[in-house]
Amino acid sequence: MSATGTVTRSPFGRTRRGEPVERWELRLPSGASAHVLTRGAALHRVVVPDAAGTLGDVVVALPDVASYEAAEGYPGAVVGRVANRIGDGRFSVDGVEHRVPVNDGPNALHGGAEGFDQRVWAAQEVTGGEGPAVRLVLVSPDGDMGFPGELTAQVTYTLAEGDGEVRLRVDYRATTTAPTPVNLTNHAYLNLDGPGTVEEHVLRLAASRYVPVDERLIPTGELREVEGTPFDFRSPTRLGERLREPDEQLLRALGYDHCLVLDGAGTGERDVAELTGPRSGRRLRVRTDAPGVQLYTGNFLDGAWRTREGRPVRQGDALCLETQLLPDAVNRPGFTGGGLGEAVLRPGEEFTTATTFAFGA
Ligand code: BGC
């Protein structure tokens, strides 16, 4: 019980290996809530008011553990040890080459075939914060999915409200026993309007550069100015407006699936994005200290998922704003330092990052 809300834990079924999965509900006095699953430290539901005050889900929620296990695409999960792609599944740390299993053509994606999204995390309530909160902890052993060092990862979700907004803050921490790349983010699929396409959503992103990719969706190494490209969201722009332009980058990824370099990287937490859903009147502000955000318009969603309500989820029905270090940073000296952060975490150091999703109307 928190002074400004409640935390309730309940069973949510079992994984195919028989591990029990719990759902933790963080609930505010207004009725707004966030539901977190211990499998994948996943955001299962985020229920916030629309412009008329009606509560509704703004992330894609699947009905049960089996659906999450069957779903490709990491719905709601915390992805790691290294979010996004590592080209050819290889990298070097201090001159030692490491190979990690590939699971996306020639790339390692989101920590590999059995990444953090598939693990059952240990959860406990956190009190004394701004509102109801749950902390999830995962110990990833030395050699887990090919990565060096035992990594202890921690993710805390805190819900709070005030000033007409419901704020969901996600704090990430990690420590390691040997140098290892780390990049943690949340992979929730957002649709502020509930069902239907997100093409009518209007997005603003404080990002002057983005990361172009090759045919494998691996960075070319360039950090390209967004000026004059469909990646310029510096003024609020309807997502669908340029989605079907004959732009080589958009065609390659079947839409937006690119990391944008957020302005002010290295200056701490700042407002980086604003998204509005025209039908619901909901508005989301994203605040983070991360240097980048992967904008993914659900290009590979093919109707295989069914939501809690039984709706198929198809291409463009949701989008992800995955705040993170730049993709493949461990292989790209130009993608680290100078405010962009470090790709490799070392013993004695702590990886920390935080992102707040503030929902208003
Ligand atoms: C990646 C996409 C991928 C999706 C689900 C995103 O973060 O950028 O390419 O298809 O995750 O796997």
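Structure values in brief
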| quantity | calculated |
| --- | --- |
| For q = 0.12, 0.22, 0.24 Å⁻¹, Debye-computed log10 I/I(0) when each Cα of region 91-180 counts as one equal scatterer | -0.51, -1.07, -1.18 |
| Region 152-195: C-alpha pair distances exceeding 14 Å, % | 65 percent |
| Apportionment of accessible area to carbon and sulfur, region 252-361, percent (1.4 Å) | 46 percent |
| Phi-based couplings in Hz for region 34-41 (Karplus 6.51, -1.76, 1.60; Gly and Pro marked x) | 10, 10, 10, 9, 6, 6, x, 6 |
| GNM flexibility winner over the chain from THR229, THR180, THR237 (Cα, springs under 10 Å) | THR229 |
| Of the chymotrypsin sites (Phe, Trp or Tyr not before Pro) in region 257-343, those whose Cβ has at most 15 other Cβ within 10 Å and which sit in DSSP loop | PHE300 |
| Among GLY89, LEU345, LEU321 - extreme Cα towards positive end, dipole of the chain, charges at beta-carbon | LEU321 |
| Full-extension gain in nm, ASP263 to VAL137, via 0.36 nm per residue minus C-alpha separation | 42.3 nm |
| Solvent-accessible area, 1.4 Å probe, carbon plus sulfur percent, for region 121-234 | 46 percent |
| Max mean-square fluctuation residue, GNM over the chain, Cα-Cα springs under 10 Å, options ALA304, ALA52, ALA273 | ALA52 |
| Region 204-258: C-alpha gyration tensor shape, a/c 1.5 cut-off, then a/b vs b/c | oblate |
| Along principal axes, Cα extents of region 113-245, largest first, whole Å | 45, 42, 26 |
| Cα-centred dipole magnitude for the chain, charges only on beta-carbon of K, R (+1) and D, E (-1), debye, nearest 20 | 720 debye |
| Per residue, in Å², the accessible surface of the chain once ligands and nucleic acids are set aside, probe 1.4 Å | 39 Å² |
| Coarse-grained scattering of the chain at q = 0.08, 0.10, 0.12 Å⁻¹, given as base-10 log I(q)/I(0) from a Debye sum over alpha-carbon atoms | -0.35, -0.56, -0.84 |
| Gaussian network model of the chain, Cα within-10 Å springs - most flexible of PHE12, PHE116, PHE233 | PHE12 |
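The values are calculated or read from the model by the stated rules, or taken from the named source; none is laboratory data. Please read all numbers here as calculations on a predicted model, not as lab measurements. Positions of Cβ are generated from backbone atoms using ideal geometry, with glycine treated the same way; all protein chains shown enter the neighbour counts. All accessible areas refer to the heavy atoms of the entire protein, side chains included, with ligands and DNA or RNA removed. Shrake-Rupley method; radii C 1.70, N 1.55, O 1.52, S 1.80 Å.
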